[in-house]
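S.K.: Starting off with a structure, shown below.
No value in this document is a laboratory result; all are computed from the given coordinates. This structure is a prediction, so every number in the text was calculated from the model and none was measured. Here the Cβ positions follow ideal geometry from the backbone for every residue, glycine too, while neighbour counts run over all protein chains shown.
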Amino acid sequence: MLLTLLLDRLNQWLENFHRTRRDEHLAASKDIAELERRMKEFDG
């Protein structure tokens, strides 16, 4: 029970961490073309 809770919390933390890094990476784009290229990196 406790292990399941800990693993769920860790999973949530990792998802938030990756989402934040992705958002920061996309926000650093200099123009729309670079933004689209970066978005494709994550999709494929």
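S.K.: Return yes when THR20 is loosely packed, with under 10 Cβ neighbours inside 10 Å and polar (S, T, N, Q) and no when it is not.
M.R.: Criteria not met by THR20.
S.K.: Could you grab me the full set of residues in the stretch 26-43 that are surrounded by fewer than 12 Cβ atoms within 10 Å (Cβ to Cβ) and part of a loop (DSSP other than H, G, I, E, B)?
M.R.: Scanning the stretch 26-43 gives ALA28, LYS30, ASP31.
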